[in-house]
1. Taking segment 72-94 as the region of interest, how many residues are at pLDDT below 95 and more than 26 Å from residue 5 (Cβ to Cβ)?
2. For segment 70-79, state whether one or more residues are outside any helix (DSSP H, G or I) and either in contact (Cβ under 8 Å) with a residue 12 or more places away in the chain or surrounded by 14 or more Cβ atoms within 10 Å (Cβ to Cβ) (or both).
């Protein structure tokens, strides 16, 4: 997605939520984690998206999927990178 498209999408959302602030209050999507086998988990969330986690063999897991801590850190890093890209697009459009 181009910076111009990102910026115009964000501006449209800002106008919408400025005019209708009550629509900005929503309940976030639920994510459910169920222990699958040993120390592995299957996570089901938004639109039935799934993730599997596991712990390394050295810690008693099977090592068949990324550990949950790594996914947590990756999620935070992706959130930060996304916000930086969104801010950069808005600044570039002004």
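1. 0
2. no
A quick yes/no check of all residues on (1) in a helix (DSSP H, G or I); (2) exposed (fewer than 10 other Cβ atoms within 10 Å of the Cβ):
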site: 7; (1), (2): yes, no
site: 12; (1), (2): yes, no
site: 15; (1), (2): yes, no
site: 18; (1), (2): yes, yes
site: 33; (1), (2): no, no
site: 42; (1), (2): no, no
site: 61; (1), (2): no, no
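The values are calculated or read from the model by the stated rules, or taken from the named source; none is laboratory data. Note that the structure is a prediction, hence the values are computed from the model and not measured. We place every Cβ from the backbone using ideal geometry, glycine too, and count neighbours over all the protein chains shown.
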